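Structure, as structure tokens:
The values are calculated or read from the model by the stated rules, or taken from the named source; none is laboratory data. Quick caveat, the model's predicted, so the values are computed rather than measured. Please note: Cβ atoms are built from the backbone with ideal geometry, for glycine as well, and neighbour counts cover all protein chains shown. These area figures cover heavy atoms from the full protein model, side chains too; ligands, DNA and RNA do not enter into them. Shrake-Rupley method; radii C 1.70, N 1.55, O 1.52, S 1.80 Å.
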Amino acid sequence: MTNSSSSKKHGQDQPELSGPTPKSQRTKMGKSEDNEKKNLGKKLKDVEISVPIVYGNIAFWLGKKASEYQSHKWTVYVRGATNEDLGTIVKRAVFQLHSSFNNPTRVVESPPFELSEAGWGEFEVAITLYFHSDVCDKPLNLYHHLKLYPEDENSSMSTKKPVVVEFYDEIVFPDPSEAFLARMQSNPAVNLPRLPAGHTLPPPIPVEDASKRRKGDTKDHSLSQWFTNFSEADELLQLAAARQQVQAHIAKLRRQINLIDGQHQQLKSSSDQ
Amino acid sequence: MDAKDILGLPKNSFPPLEKKSRPPKESQRKPDGISREVYALTGGLPPLMPAIEASQLKKRPPSHEKITWQWLPFTSSARKDNLQLYHWVRVVNGVPPTGDYSFAKYNKSVDVIKYTDEEYDKYLTDPMWSKEETDQLFDLCERFDLRFVVIADRFPSSRTVEELKDRYYSVSRAILIARAPSSGDVAAHPLVKEPYNVSQEMERKRALSMVLSQTRQQERRDEEVLIEAKRIAELRIPPKVVEVSQLAASNAGAEVTERSAPGETVSPSNVQPPPTGIPSTLIDNASTLATLRMLRVYLRTYALEQMVQAANASAGLRTIKRVEQTLQDLGVNLKPRVPTKAVCAEHLELRKEILTWLNLQKQVQYKEAEGSSFRDGSYGETPLTPKDRTFIPDSMNFGVERVSKKDQKRKAPGAPSSSAHKRPRKLKASDL
């Protein structure tokens, strides 16, 4: 946050703050910033911010000429589900590789959070995501089983078509801090909650250099053509169809039960006579 | 040939060990009665069961004891009349056994309290009882060892067993207390500690005689009511599977039904369909959500897993498996591919509905089984066609048993492929 922008902001919001001398303004401003900090640390109950992510790996077979132990080139990654930049949320990603790799703990300090290696074996990669301080002070662990060989035994290995295994998931931050929520206001990478009525957020912090931000996303990623498309609509449609079917069965059984009950009553009354 | 031969090992590879185990073996001599060859087969192993040596069993009594059985007269301290009786008795070395007759100790008699005339006047007067009657009672008590049924039979005036007992015990108690130096001395005496309760005893006998004098018809009717009550109680169980924690409201409802069950008016139609499990599910989700919130950050799939687990908590393993099989049959991913909040919520709802469905199936099966017992063969024709009746269990059997997992996995979602599926599919299509 640059000094000029923040002073400008205050000038707009609190015109009474623009004191006569620059000195007094600075001292007052310092105070209000403190207040703001306290406010921003406040937790918002019963709302959640979720960040749709996709994690997985893409593996290219290097062909028959490749060495036995470096038969595949693979990239394991965590990306935004719509290839938005995760850098505003994730500070650092740590990939824990198989112990046979040199320096098996690989730290990626900036987006895109991905790691490329060459190898021959599949193993479970543990990915630990560390978040920015206003987001969450706890890390999150993801586990991905690295896949190099195609699942379907029928499809032969090809150097052109990689093996892609990706999983959609959402990182959920329950009760986020106001600061985090404010910072995410115009961030396409996150799902924002509907705020409780009457709740106002501090004004969004202006996004820094747009060109700088773009660096973190994976929209123009070299592997983006292999990325899987995850359609929520398809999934919802499938579930809705299934629910309809089950509900129909339930209704039918209820009718059947009523029918049987009616018969029982008839039988009862006729046997009582 | 043995294992050592096969392995090409020397026969005596452990000579020191064998040497050590030999000496105790020597001391253990071959028991008599077993041939050497048979004993060798046991390899000198100790027998599985501890056995008394045969020689012990056949041991003869010491030769200096000369035992004879003789027909001898005896006296019994239990008899006062000095009657001379005879019996066979074991005589060792010509010395007949001395002492009392061995069965005399069983001649027990009741210590009936005796009271003096003064004591009677002081403590025992009772408007219902004269002194003569009381004396008679105590005489009979002593004579018949407190067998009150017999006493009541012999008693000159007509008194019930309870009246006799009450008089006897109250007199005994009063005398005991009067004679004791302090009340604490007799407080532990059974007569004082547990006084005879006439009214309770009469009520007990009345109830007993009522049960025993029931006609077979009454008995049958009672049985029917009990069966009905049991069925209603069981009907209340399936809702519990759906509802993770039984709500107080539905609990109360079950109680009301059960209480009214012995009545004549209960009919199956009185049983309401189980209340929907929405509130309890909400409660349960709330506790799961609270736990998740503590994590401060979690994955949506993890949250879904927790909620599914919470929802399954009260269902049996078989029910859970059936739910998952049904999900697969419906062409739904067991774990959503795109687990957004909306998808997870729908997924949970679907699972809940499937649970309801399965429970209803159970209910229908139960009711039909019961219906056939109702009919007793006299009502052969019912509006239900056999096909309709077998549809539910059949479709479930197809779903659970006949379709292998592999088939399910390979199959594209929702596409009926295996022949085993055709019948239920067709039926389903016609049902919808």
Does residue A:246 meet the test of being at the interface with chain B (Cβ under 10 Å from one of its Cβ atoms), within 17 Å of the chain's Cα centre (by Cα), crowded, with 19+ Cβ neighbours inside 10 Å and modelled with pLDDT of 85 or more? no
Taking the range A:80-121 and keeping only residues that are of a type in the set (D, E, K, R) and at pLDDT below 90, one is left with A:84, A:85
Out of curiosity, is residue A:111 touching an Asp or Glu at 6+ places or on another chain (Cβ under 9 Å), open to solvent by 20 Å² or more (accessible area, probe 1.4 Å) and outside any strand (DSSP E or B)? yes
Would you check if residue A:55 is within 30 Å of residue A:193 (Cα to Cα) and crowded, with 18+ Cβ neighbours inside 10 Å? yes
For the subset of the range B:73-91 comprising residues that are open to solvent by less than 50 Å² (accessible area, probe 1.4 Å) and not aromatic (Phe, Trp, Tyr), which member is farthest from residue B:101 (Cα to Cα)? B:91
Boolean, residue B:177 is surrounded by 10 or more Cβ atoms within 10 Å (Cβ to Cβ), in a helix (DSSP H, G or I) and touching a Cys at 6+ places or on another chain (Cβ under 7 Å): no
Mind checking which residues of the range A:142-163 are more than 14 Å from chain B (Cβ to nearest Cβ) and either touching a helix residue (DSSP H, G or I) at 6+ places or on another chain (Cβ under 9 Å) or under 19 Å from residue A:90 (Cβ atoms) (or both)? A:161, A:162
Inside the range B:299-348, can you point out the residues that are out of contact with any helix residue (DSSP H, G or I) (no Cβ under 7 Å at 6 or more places or on another chain), open to solvent by less than 50 Å² (accessible area, probe 1.4 Å) and of a type in the set (Asp, Glu)? none
Residue A:15 vs (1) modelled with pLDDT under 75; (2) surrounded by 10 or more Cβ atoms within 10 Å (Cβ to Cβ); (3) out of contact with any Gly (no Cβ under 7 Å at 6 or more places or on another chain): all pass except (2)
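So that you can scan it fast, the table gives a plain yes or no per residue for (1) more than 9 Å from chain B (Cβ to nearest Cβ); (2) open to solvent by less than 50 Å² (accessible area, probe 1.4 Å); (3) at pLDDT 90 or above:
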position	(1), (2), (3)
A:224	yes, yes, no
A:229	yes, no, no
A:232	no, no, no
A:256	no, yes, no
A:263	no, yes, no
A:267	no, yes, no
A:271	no, no, no
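Got at least one residue in the range B:92-99 being modelled with pLDDT of 90 or more and surrounded by 10 or more Cβ atoms within 10 Å (Cβ to Cβ)?
No, that holds for no residue.
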On the given criteria, is residue A:98 within 23 Å of residue A:172 (Cα to Cα) and open to solvent by 30 Å² or more (accessible area, probe 1.4 Å)? no
Six or more apart or on different chains, Cβ under 8 Å: which pairs go from a residue in the range B:188-207 that's among the hydroxyl-bearing types (Ser, Thr, Tyr) to one that's surrounded by 13 or more Cβ atoms within 10 Å (Cβ to Cβ) and at pLDDT 90 or above? Could you list them? B:196/B:165; B:196/B:166; B:196/B:169; B:196/B:170
List every residue pair whose Cβ atoms sit under 7 Å apart, with the two residues 6 or more apart in sequence or on different chains, where the first one lies in the range A:70-89 and is farther than 21 Å from residue A:126 by Cβ and the second, anywhere, is in a loop (DSSP other than H, G, I, E, B) and basic (Lys, Arg). A:83/A:219
